[in-house]
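Rule-based calculations on the coordinates, nothing more; no lab input. No experiment lies behind these values; they were computed from the predicted model shown. Every residue, glycine among them, receives a Cβ derived from its backbone with ideal geometry; neighbour counts consider all protein chains shown.
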Amino acid sequence: MKSPIICLYGPPGVGKTSLGKSIAEALGREYVRMSLGGMRDEAEIRGHRKTYIGAMPGRIVQSLKKAGTSNPVFILDEIDKLSSSHQGDPSSAMLEVLDPEQNSDFHDNFLEMSYDLSKVMFIATANNLSTIQPALRDRMEIINVTGYTIEEKVEIAKRHLLPKQLKEHGLSAKDLKIGKRQLEKIVEGYTRESGVRGLEKQIAKMVRYAAKSIAIEEEYDIKVSNEDVEKILGPARLERDKYENNDVAGVVTGLAWTTVGGDILFIESILSKGKGNLNITGNLGKVMKESATIAMEYIKSNADRFEIDPEVFEKYNVHIHVPEGATPKDGPSAGITMLTSLVSLFTQRKVKKSLAMTGEITLRGKVLPVGGIKEKILAAKRARIKEIILCEDNRKDILEIKQEYLKGLVFHYVADMHEVIEAAITKQKVKNAKKL
């Protein structure tokens with residue numbers, strides 16, 4: 001059969017290219033890899049005409065010649081990083097290669113004849129779908145390769161990464177033993193990623209320390225302890241995305257999606273005497289600033305329902321801040337978090353402990369679904385969050401996640417902003433509540 005064009009998409013280091021290699025091994029076919037990152041010359045794909053000096057066939061045909069077969073598993077690495085220049089647009093040239101209906105007579109300029117690519121199994125990899133040309137994206141079957149949980153990372157380290165590094169450093173399993181607890185400490189304290197590339201670097205440091213000790217005949221503990229981890233890797237720099245206490249009104253925990261997986265972020269808001277101005281800081285993009293404006297206007301129009309005195313809006317300035325100002329942040333999924341933060345601030349009632357939320361809002365107070373749910377759930381688990389507020393339409397995303405990842409989490413599915421406020425904000429006022 002004509003094999004569909006598969007595109008493995010996900011954050012860096014989750015094993016997309018390795019998965020392609022494994023598919024080739026499982027099928028017993030030759031493995032060919034071609035990196036597309038930064039390619040900007042169309043002739044790299046279609047070949048040069050013979051009239052040019054130094055003319056060559058395109059990289060597709062060259063790779064097939066090197067593989068010595070017409071039906072290899074062909075990995076097109078980093079398809080989202082194709083660029084274009086005055087020499088042509090390679091992503092448009094890829095349309096012919098990656099169309100199962102057209103690629104049976106792919107035309108190479110150097111060969112000056114058609115070549116059948118329909119027997120080749122193409123697997124593309126990408127970190128970001130938004131930079132892939134829409135017509136090209138339409139031709140591919142997109143499979144999302146998500147990040148790993150802490151438990152999965154520990155197993156990957158134990159079964160694959162540690163044996164691989166020991167072999168590369170000329171050591172055996174007798175020379176160094178790292179237990180589950182220590183691997184967990186390395187994962188939580190020294191790596192902050194969806195994949196396992198950073199974890200492999202940290203394990204390599206541990207193995208190099210053992211190799212150095214053997215080389216200079218220095219004594220060391222073969223069985224690594226927590227103290228040894230800190231001695232070799234230094235103090236833990238990334239101790240879990242800590243959930244901060246929100247004893248103050250106006251502090252809410254949100255869930256965010258980043259290119260390296262899920263993360264938690266805090267949204268803070270504060271009142272100061274003034275004329276009702278709204279300030280927003282924290283290196284936020286246009287969409288996030290709009291969410292803050294929508295939230296503010298919605299509260300003003302529904303002040304009675306939230307038991308807020310309308311005069312407050314004219315007597316006080318509101319300042320919303322999202323910490324970690326050096327990191328650019330954007331997207332609609334902080335909408336309900338911002339609205340909850342403002343309602344908490346105006347009513348001087350605090351938000352429940354160990355609770356996080358994600359969702360987009362409309363001016364009518366409807367909650368809309370958002371993406372990246374699995375990564376966000378993993379971030380919540382890392383931060384020891386117990387309750388999560390999501391849009392009702394995101395229920396289907398939760399059903400796709402394995403039950404073991406959801407252990408210890410309570411989900412509140414909402415369709416309207418009032419349901420969010422009921423689920424998130426406690427009835428009691430904070431200590432030293434401001435008199436508004």
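A few points about this structure:
- Modelled label reach - M56, point 7 Å along Cα→Cβ, the stretch 94-129 residues with backbone N closer than 15 Å: 109-111
- With Rh defined as the Kirkwood radius, the inverse of the mean 1/r over Cα pairs, the Rg/Rh of the stretch 150-233 is 0.94.
- Placed amide H near H412: partners under 5 Å, 5+ positions off or other chain: I388, I389, L390
- Degrees separating the helix 373-382 axis from the principal Cα axis of the chain, which is the longest one: 70
- Degrees separating the helix 335-347 axis from the principal Cα axis of the chain, which is the longest one: 20
- FRET efficiency, 1/(1 + (r/R0)^6) with R0 51 Å, evaluated for E311 and E218 via beta carbons: 0.10
- Separation of the K429 and H169 label points, Cα + 7 Å toward Cβ, nm: 6.0
- Per the Cα gyration tensor, the chain maps to an equivalent ellipsoid with semi-axes of 47, 32, 18 Å, ordered largest to smallest.
- Computed from Cα atoms, the angle from the helix 197-215 axis to the main principal axis of the chain rounds to 70 degrees.
- With the highest mean first, a sort of the peptides 193-200, 226-233 on other beta-carbon atoms found within 10 angstrom per residue produces 193-200, 226-233.
- Ranking of R395, R237 by count of other Cβ atoms within 10 Å, fewest first: R237, R395
- The Kirkwood hydrodynamic radius of the stretch 1-133, based on inverse pair distances between different Cα atoms, is 15.1 Å.
- Calculated FRET value between A236 and L363, using beta carbons and R₀ = 45 Å, to 0.05: 0.55
- When the alpha-carbon atoms of the stretch 124-186 are used, the pair Rg, Dmax equals 18.1, 54 angstrom.
- Residues T327 and Y31, FRET efficiency given R0 of 30 Å [Cβ-Cβ distance, rounded to 0.05]: 0.20
- Relative to the compact-globule estimate of 2.2 N^0.38 Å, the Cα radius of gyration of the stretch 251-429 comes out at 0.98.
- The packing ranking, built from the mean of other Cβ atoms within 10 Å per residue, places the peptides 406-415, 379-388 in the order 379-388, 406-415, highest first.
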